2 protein chains.
Amino acid sequence: MNIALVGVGKIAKAQHVPNIVASDAWDLVATVALEGTVNGIDSYTNFDTFLQSRKDVEVVSFCLPAIARFDYAVKALRSGLHVMLEKPPAATIAEMNYLRDFADECGRTLFTTWHSQMAPGVRPAKKWLSDKVIKEASVRWFEDIRQFHVSNLDEESGSGGTKRNQDWIFEPGGIGVFDTGINAISILTEIMPNGLRVTDASLVYPENRNQPIAAELVLNSTINASFNFRHEGPPVWDMHITTDQGEIFLERSATILTIDGKKIDLGPSQEYAHLYKRMAELIQAGESEVNLDPLVLVADAFMLGTREVSNAFNF
Amino acid sequence: MNIALVGVGKIAKAQHVPNIVASDAWDLVATVALEGTVNGIDSYTNFDTFLQSRKDVEVVSFCLPAIARFDYAVKALRSGLHVMLEKPPAATIAEMNYLRDFADECGRTLFTTWHSQMAPGVRPAKKWLSDKVIKEASVRWFEDIRQFHVSNLDEESGSGGTKRNQDWIFEPGGIGVFDTGINAISILTEIMPNGLRVTDASLVYPENRNQPIAAELVLNSTINASFNFRHEGPPVWDMHITTDQGEIFLERSATILTIDGKKIDLGPSQEYAHLYKRMAELIQAGESEVNLDPLVLVADAFMLGTREVSNAFNF
C-alpha cells in the first residue's frame, strides 16, 4: 500500500521511515511537512495540495505534534484515506472521540499507535500478571529532555549543525513530561490485570512553561509512578511490580524482563515494525483500533493533580 | 422505591431532599454523611454499616464531593443498588469508565445527572439549533463563590450560625470554577448540533490553591466561554449563540430563552424533579444513562490549558 508521512521530525526519521522502507507491505511515496524531507521521496508543505495531487496514497501516518493533527486527520478520512497516529494520538480526548466516530462513518481504519506496547517485554509481562494480585508497583521514567527532545535538522546530510528544540512539548497539547511518560502509562494499561485510575497526582511546572516537566502519579492507590525530564545521565525507564505471587521487573522501556530474579529471553525490540505490520492487518480486516486509555489517565492527572512551580527551564 | 442520600450538604438540602419528598415515586429512608442529617430521616456516618443495616434501600443518590465517591459507588453497585450521581459524576474519567462497565456487569442502573440539562430552555434551544450552523457563541458563567459555595450548617434549625466553606472545590477532584462551569458545558454539549472539543484554554489559579478560580475556553474555534468565581454581585449564567439563521439567547442558566429577540414562554424550572423522574424511568427500563461529555471537556481543558497565577483566595 502507498503511504505518506505527515510530519518529518526526529521520530519520523529515526523510526517511521526506516521501518516503512524495510517492510514489503508499504511504499513510502510522499511526505507532508512544513520543514523536513526524506531523501528521494516526494515532499509537500501543504496538506490540501498533497490530498489533491496524490490520489495514489491510501494511508497517512501522522508524526507531527498532536495539537496540529485534528483538521488534517478529518480531511484525510473524508478523502477516503486510512489514518495512523503516533502517540499521543491527539491533543484532547474529545478530538479522539470525534475521530473514532468519524472513521467509522467513513468506513476507514483509524489506529492509535502506542509504540511502547510493542516492546518485547510487554506480552510476557501481561501474561504473567494476568492471574496475580498487584500488591505495589514503582515506575520510574526519567530522561534528559536535552538528550531526546532536540532534533538535529541536518542529521541526514551528516553536516551536523542546525538544532531544533522540541519546544512544542511545553505548549498546549504537548503534555510536557507525559510526552515520554505516556509510554510508561501505555505499558501499564496494557499489562495490568485491572483497569487503572489516577488516585493522586502532582505536577511540577517550570515557571516559564505551560506544561509539566516532572510529575508523580498514584494509580489505584498502589502504583507509584515518577516522571522526570530533568534527569541527568542515562535514561531510566523501568517498572518494578510486586504481586501476591512474586515480582516482575521491566527495564529499558520493557525491553528487559526479569521475573522473580530470573531474566527472560525476549529477542530484539521491533516496536515500529510491529506497528506498521498491525496497521496493514487492521486495513486488511476493515477494522480500527482506538485505545484512549493512556491519554485518559494523563488528562485525569491534569484534572486531579496538585501543582508546584519550579525554576525556569530552557533547552 | 426506597432511596438513600449519600452526602448531606448544601445542594442535598436545597434540591435533593425536597424533590425526593415531593415525588410519589420515592421514599427517602436514610442518609449517609460524616456530618449533616435530615430531620426525621435515619442517618448513618459509615457507608458499610449503612449497606449492612439497610437492605430495604434500592437506590443511592450521591451528593458528596466527587473525589470521595468511587469506592462507595463500587460497593453500592456490588450490593445490588442502583446509583445516581450528582454532577460532576466522578473525580476522573477513568473512574467513570470503570463504573459504567461495572454497573453493566452488575445489571444495575447508573445515572450521571447533569441538572442544568433539565433547565426549561434546553430542549427548545436544542430543537431550534438542530438545523443551524453555529457562527459564533459567547458564554459567560460568573458567580460569587462566597455566595453559592458556603454552607450554612444550621440552616434548618433557623439558628443561622455555623458556616462551612466548600474548600473541597479547590482540592483534587474539586475542579475549581468548573464545579459551576460544568453546568454551562453540560448545556452546550446538549444543545449544540455538533460534537464539541476544546481548541484553546487558559486557567487562572489563586497562588494558594490547586484548582482554577477562573478560566477561558474556546470550543470548536468558535465558542468563547468565560468562567469566573470572583464575580461580585448577582450571578451571570448566560449564552448568546449566533447561527446562519438567526440568534438565540439563554439567560439565568437556560431558564430564560430569547430567539431572534422574541422571549419564549418556558414554564417553571424543575431540574431536580426531572432528574428523579428520569432515574425512576431508567430503573423501570433496566437502563443506564452515562454521559461523560461535559467531564471530558473539562479534563481536556486542564490538559490543554495554559496557566496563570492570581492573588490568593480565601473565603
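The values are calculated or read from the model by the stated rules, or taken from the named source; none is laboratory data. Quick caveat, the model's predicted, so the values are computed rather than measured. All Cβ positions, glycine included, derive from the backbone under ideal geometry; neighbour counts span all protein chains shown. Only protein heavy atoms, including side chains, enter the accessible area calculation; ligands, DNA and RNA are left aside. Shrake-Rupley method; radii C 1.70, N 1.55, O 1.52, S 1.80 Å.
What are the nm distances, shortest first, from A:GLU251 to its equivalents in the other copies, labels at 7 Å along Cα→Cβ?
In ascending order, 6.9 nm.
Give me log10 I(q)/I(0) at q = 0.18, 0.23, 0.24, 0.25 Å⁻¹ for region A:184-266, Debye formula, one equal scatterer per alpha-carbon, no solvent.
Cα-only, vacuum Debye calculation for region A:184-266: -0.90, -1.25, -1.30, -1.34.
May I ask for the net charge around B:SER288, where only other residues with Cβ less than 14 Å from the Cβ of B:SER288 are counted and Lys, Arg are +1 while Asp, Glu are -1? Please report the intermediate quantities before stating the final value.
Details: positive: B:ARG100, B:ARG108, B:ARG278; negative: B:ASP101, B:ASP104, B:GLU105, B:GLU281, B:GLU287, B:GLU289.
Summing Lys/Arg as +1 and Asp/Glu as -1 gives -3.
Find, among the trypsin sites (Lys or Arg not before Pro) in region A:222-264, those assigned to loop by DSSP (not H, G, I, E, B) with at most 15 other beta-carbon atoms within 10 angstrom.
On the way: sites: A:ARG230, A:ARG252, A:LYS262, A:LYS263; in loops: A:ARG252.
Within region A:222-264, the qualifying trypsin sites (Lys or Arg not before Pro) (loop, at most 15 other Cβ atoms within 10 Å) are A:ARG252.
How large is the dipole of chain A about the Cα centre if only Lys and Arg carry +1 and Asp and Glu carry -1, each at its Cβ, rounded to the nearest 20 debye?
Values: 28 positive and 41 negative charges, 28 e Å.
My answer is approximately 140 debye.
Find every distance from the label point of A:VAL290 to the corresponding label point in the other copies (7 Å from Cα along Cα→Cβ) and write them in nm, one decimal, shortest first.
So the distances to the same position in the other copies read 1.7 nm.
Relative contact order for region A:187-315: what percent, with Cα pairs under 8 Å and sequence separation of 6 or more? Could you put the intermediate results ahead of the total?
Values: 166 pairs, mean separation 39.3, N = 129.
Worked out over region A:187-315, it gives 30 percent.
Mind checking which of A:LEU257, A:ALA103, A:VAL177 is farthest towards the positive end of chain A's charge dipole, using Cβ charges of +1 (Lys, Arg) and -1 (Asp, Glu) about the Cα centre?
Of the candidates, A:LEU257 comes out farthest on the positive side.
Is any helix in chain A, taking whole DSSP H runs, at least 18 angstrom long along its axis by alpha carbon and on average at least -1.0 on the Kyte-Doolittle scale, and which ones? Let's see the in-between values first.
On the way: long enough: A:93-106 (20 Å, -0.30); A:178-191 (19 Å, 0.95); A:271-285 (21 Å, -0.35).
Flagged H segments are A:93-106, A:178-191, A:271-285.
Could you compute how fast chain A diffuses translationally, taking Rh as the Kirkwood radius over C-alpha pairs and applying Stokes-Einstein at 20 °C with viscosity 1.002 mPa s? Give it in µm² per second.
Numbers: Rh = 20.3 Å.
This corresponds to a translational diffusion coefficient of 105 µm²/s.
Given a 1.4 Å probe, show me the residues in region B:271-315 buried by at least 20 Å² of accessible surface when comparing the whole protein assembly to the chain alone.
B:VAL296, B:ALA299, B:ASP300, B:PHE302, B:MET303, B:LEU304, B:THR306, B:ARG307
How crowded by other chains is A:199-212, given as the mean number of beta carbons from other chains within 10 Å of each beta carbon? Intermediate values should be presented prior to the final figure.
On the way: counts 7, 1, 2, 2, 2, 0, 1, 0, 1, 0, 2, 7, 5, 0.
Across the residues of A:199-212, the mean count of other-chain Cβ atoms within 10 Å is 2.
Can you pull the percent of region A:163-303's accessible area that's carbon plus sulfur, 1.4 Å probe, other chains left in place?
Its accessible area is 43 percent carbon and sulfur atoms.
Mind checking which of B:ALA90, B:ALA280, B:ALA66 has the largest fluctuation in a GNM of chain B, springs on alpha carbons under 10 Å?
The residue with the greatest mean-square fluctuation here is B:ALA280.
How crowded by other chains is B:87-99, given as the mean number of beta carbons from other chains within 10 Å of each beta carbon?
Working: counts 0, 1, 0, 2, 6, 11, 11, 14, 6, 3, 5, 4, 1.
Partner Cβ neighbours, averaged per residue: 5.
What does the structure give for B:233-245 when I average, per residue, the other chain Cβ atoms found within 10 Å of the residue Cβ? Don't skip to the answer; put the middle values down first.
Values: counts 0, 0, 0, 0, 0, 0, 0, 0, 0, 0, 0, 0, 0.
Average neighbour count from other chains, rounded to a whole number: 0.
Figure the gain on full extension for B:ASP260 and B:GLN52 (residue separation times 0.36 nm, minus the Cα-Cα span) and round it to one decimal in nm.
Values: separation 208, 0.36 × 208 = 74.88 nm, distance 5.65 nm.
In short, 69.2 nm is gained.
Just want to confirm a number: the relative contact order over chain B, from Cα pairs under 8 angstrom separated by 6+ residues, in percent.
That works out to 20 percent.
Which value, in Å², gives the accessible area per residue of the protein assembly as shown when a 1.4 Å probe is used on the protein heavy atoms?
42
So if I average 1/r over every pair of distinct C-alpha atoms in region B:244-315 and take the inverse, what Kirkwood radius in Å does that give?
Values: mean 1/r = 0.0591 Å⁻¹.
Across region B:244-315, the inverse of the average 1/r is 16.9 Å.
About the Cα centre of region A:117-243, how large is the charge dipole given +1 on each Lys and Arg Cβ and -1 on each Asp and Glu Cβ? Please answer in debye to the nearest 20.
Numbers: 12 positive and 16 negative charges, 101 e Å.
My answer is approximately 480 debye.
How big is the shadow of the Cα convex hull of region A:83-200, averaged over all directions, in nm²? It would help to have the intermediate numbers written out before the result.
Numbers: hull surface 42.7 nm².
Across all orientations, region A:83-200 yields a mean hull projection of 10.7 nm².
Could you put A:TRP128, B:TRP114 in order of accessible surface area, largest first, with the 1.4 Å probe and the full protein assembly present? Intermediate results must be reported in sequence, preceding the final value.
Working: A:TRP128 45, B:TRP114 5 Å².
In descending accessible area the options line up as A:TRP128, B:TRP114.
For the protein assembly as shown, what is the largest minus smallest coordinate of the Cα atoms on each principal axis, given in angstrom and ordered from greatest to least?
If we take the Cα atoms of the protein assembly as shown, the spans are 81, 64, 49 Å.
Measuring from a point 7 Å out along Cα→Cβ, what nm distances, shortest first, does B:ASN220 have to its partners in the other copies?
Label-point distances to the other copies, shortest first: 3.9 nm.
Simple spin-label model, 7 Å along Cα-to-Cβ: A:GLU35 to B:SER130 in nm?
Placing both labels 7 Å along Cα→Cβ, they lie 5.1 nm apart.
In Å², rounded to the nearest 100, what is the total accessible surface buried by chains A and B against each other with a 1.4 Å probe? Could you put the intermediate results ahead of the total?
Working: alone 14440 and 14420 Å², together 26320 Å².
Adding both sides of the contact gives about 2500 Å².
Can you give the helix-only mean residue ellipticity at 222 nm for chain A, where every DSSP H stretch with n ≥ 4 adds -39500 (n - 2.57) and the sum goes over all residues, rounded to the nearest 500 deg cm²/dmol? Could the numbers behind the result be given before it?
On the way: 9 runs with 88 residues, N = 315.
For chain A, the value works out to -8000 deg cm²/dmol.
Out of residues 5 or more away from A:SER310 or on other chains, whose amide H comes under 5 Å of its own, with H placed 1.01 Å from N in the peptide plane?
A:TYR205, A:GLU207
Quick one: of B:LYS135/B:LYS277; A:LYS13/A:LYS277; B:LYS126/B:LYS163; B:LYS132/B:LYS263, which pairs are farther than 29 Å apart, Cα to Cα?
Among B:LYS135/B:LYS277; A:LYS13/A:LYS277; B:LYS126/B:LYS163; B:LYS132/B:LYS263, the Cα-Cα distance tops 29 Å for B:LYS135/B:LYS277; B:LYS126/B:LYS163.
Hey, in the GNM for chain B with a 10 angstrom Cα cutoff, which one of B:ALA25, B:ALA285, B:ALA273 fluctuates hardest?
B:ALA285
As an exercise, use a Förster radius of 56 Å and the Cβ-Cβ distance of B:ALA22 and A:VAL150 to find the FRET efficiency, rounded to the nearest 0.05.
Computed FRET efficiency for B:ALA22 and A:VAL150: 0.30.
Using the Karplus curve 6.51 cos²θ - 1.76 cosθ + 1.60 with θ = phi - 60°, work out ³J(HN,Hα) for each residue of region B:6-21 in order, rounded to whole Hz, and write x for Gly and Pro.
Working through the residues one at a time gives 10, x, 10, x, 4, 6, 4, 6, 6, 10, 5, 4, x, 6, 5, 4 Hz.
With a 1.4 Å probe and all protein chains kept in place, how much accessible area does B:SER288 have, in Å² rounded to the nearest 10?
50
Considering the options B:GLY40, B:GLN147, B:THR112, tell which one lies farthest towards the positive end of the dipole of region B:32-170, charges being +1 on Lys and Arg and -1 on Asp and Glu at the Cβ, about the Cα centre.
The listed residue farthest towards the positive side: B:THR112.
Just order A:98-109, A:296-307, B:209-220 by mean Cβ neighbour count inside 10 Å, highest at the front, would you? Display every interim value, and only then the final one.
Details: A:98-109: 17.3, A:296-307: 25.0, B:209-220: 22.0.
Ranking, from highest mean packing down: A:296-307, B:209-220, A:98-109.
For region B:223-258 and region A:270-296, write down the distance between their C-alpha centroids in whole Å.
If we compute the Cα centre of each part, the gap is 43 Å.
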